[in-house]
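The values are calculated or read from the model by the stated rules, or taken from the named source; none is laboratory data. Just so we're clear, the structure is a prediction, and the values are computed from it rather than from any experiment. Cβ coordinates were reconstructed from backbone atoms using ideal geometry, including for glycine residues, and neighbour counts include every protein chain displayed.
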Amino acid sequence: VANHWYADNPVLAVMLLILPYGLILAVQTSIGAYYSCYQTMHVNGIFQGAAPVAVLVFYFAYSANGLSLADVAYAYVVGAGIVTALWVAYTLRRVRPLVTAADTWEVLKSSNQYALSNILGMAYFRLDVVMLSALAGIREAGIYAAAFKLVELVSKVAVVAGRVFAPAIFKASHEPGRAYGVLVSMMTRFMAIAGLVASVAAFILAEDVILLLFGESYAASVPILRILAGVMATRCMMVAMQLLMSSEDLHFQRVAALGATVAAHIAVNAVLIPFMGAEGAAWAALFSSTLLILLYVFSSRGRKFDFQRWLLMPSALAAAVAVAALVADANALVSAVVSVSVFLVGLLAIGFVSGDEIRFVLRAVKPNGSR
């Protein structure tokens with residue numbers, strides 16, 4: 001039906017075809033939350049690791065006689081759907097949940113802000129490609145989407161890392177002592193460093209990575225990836241900030257900040273895309289993701305959140321290192337390795353993190369870890 005209705009715009013058709021994949025991811029998130037609560041994340045790792053493998057298997061199966069955008073959507077839905085169905089069956093057999101009408105209503109009532117946050121998040125993450133397709137054409141959408149795939153990869157790593165920290169942070173938030181403060185501090189700094197390392201590497205290696213993954217026909221994606229490199233960092237920071245706000249029961253502030261950001265994201269895209277195409281969408285993504293971090297920081301003020309030390313200082317150092325590498329104009333791979341090394345050494349030199357803090361967190365995130 002989607003292919004028939006939107007035959008002249010295959011991007012919109014694929015967006016409709018892949019809607020079930022969004023539901024599949026929602027089911028994975030719900031099931032994964034159970035295993036995260038009991039710190040048995042290895043089960044999440046097995047099934048979430050198997051899902052992309054299954055997608056690749058069906059991708060190659062569909063591509064045997066040629067490949068269309070619709071076939072890619074089918075590969076995602078069928079491959080991930082099979083793995084998720086197996087995960088659901090395994091969990092139902094293991095947990096045997098008891099569902100009642102009263103419990104269902106209580107869950108719906110208490111989780112409505114989480115639901116709204118997820119809806120806004122999905123809109124925020126997908127609107128740019130849809131708006132590009134509608135306002136600038138399929139070619140610009142494809143150029144942008146190729147570069148944005150790498151941002152999504154980094155975002156998925158951040159989400160998985162967040163699920164490692166989440167059980168320990170929520171547990172510590174209801175306990176006396178310094179554990180909660182140390183965990184939140186270390187999680188935020190760790191996620192920021194991970195995103196900034198990916199950002200510096202992507203900025204320097206943009207041309208090599210795009211040509212390696214997508215070929216010469218996507219050379220126009222190189223400057224897009226350089227802009228979106230900053231989004232890699234803000235996405236990782238966003239995951240950390242959302243966990244922090246949820247553990248502090250700042251659910252309304254979290255949803256309000258995301259809603260304001262989605263509105264700003266739509267407005268900036270509507271202004272920039274007609275004039276700048278894919279590059280305009282990339283700048284809009286960087287602007288809106290930075291705005292979201294600032295709104296989260298504002299909402300978390302007065303809660304021992306050290307914005308300058310945890311986020312601003314490492315971001316400034318990473319930007320300086322990346323610009324210096326661009327000016328040096330050396331071999332990209334060597335430049336990336338040297339730049340990332342300088343960035344990490346610089347953080348250690350200024351006392352960004354201590355060995356005692358690292359050991360504390362490692363003990364805390366282990367199952368049944370002691371403090």
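Observations on the model:
- Tabulated pairs, the range 76-93, first more than 20 Å from Met15 (Cβ to Cβ), second outside any helix (DSSP H, G or I), C-beta under 9 angstrom, 6+ apart or interchain: Thr91/Pro97
- Only residues that are free of Cβ contacts under 8 Å to residues at least 60 places away in the same chain and either closer than 24 Å to Trp283 by Cβ or assigned to a helix (DSSP H, G or I) (or both) were counted in the range 158-179, giving 1.
- Filter result for Ser117 (of a type outside the set (Val, Ile, Thr), surrounded by 14 or more Cβ atoms within 10 Å (Cβ to Cβ), in contact with a Pro (Cβ under 7 Å, 6 or more places away or on another chain) and in a helix (DSSP H, G or I)): no
- Verdict on Tyr90 being surrounded by 12 or more Cβ atoms within 10 Å (Cβ to Cβ) and within 26 Å of the chain's Cα centre (by Cα): no
- Residues that are loosely packed, with under 15 Cβ neighbours inside 10 Å and part of a helix (DSSP H, G or I), drawn from the range 295-314: Phe298, Gln308, Leu312
- Any hit, the range 115-129, residues being acidic (Asp, Glu) and within 21 Å of the chain's Cα centre (by Cα): yes
- Identity of the residue in the range 1-55, of a type outside the set (A, V, I, L, M), under 24 Å from Val129 (Cα atoms) and assigned to a loop (DSSP other than H, G, I, E, B), that ends up modelled with the lowest pLDDT: Tyr6
- Screening the candidates Ala282, Ala257, Ala318, Ala336 for the property of being surrounded by 14 or more Cβ atoms within 10 Å (Cβ to Cβ), in contact (Cβ under 8 Å) with a residue 40 or more places away in the chain, touching a Pro at 6+ places or on another chain (Cβ under 9 Å) and on the phi < 0 side of the Ramachandran plot yields one hit, Ala282.
- Test for Ala206: is it within 26 Å of Ala33 (Cβ to Cβ), crowded, with 22+ Cβ neighbours inside 10 Å and at pLDDT 90 or above: no
- Taking the criterion of being at pLDDT 80 or above and among the small types (Gly, Ala, Ser), the residues of the range 112-131 that qualify are Ser117, Gly121, Ala123.
- Set Pro167, Pro97: member being at pLDDT below 80, over 16 Å from the mean Cα position of the chain (by Cα) and surrounded by 16 or more Cβ atoms within 10 Å (Cβ to Cβ): Pro167
- Hits in the range 261-278 - residues which are loosely packed, with under 15 Cβ neighbours inside 10 Å and within 17 Å of Ile293 (Cα to Cα): Ala263
- Selected residue [under 30 Å from Ala336 (Cα atoms) and either assigned to a helix (DSSP H, G or I) or over 20 Å from the mean Cα position of the chain (by Cα) (or both)] from Thr290, Thr261: Thr290
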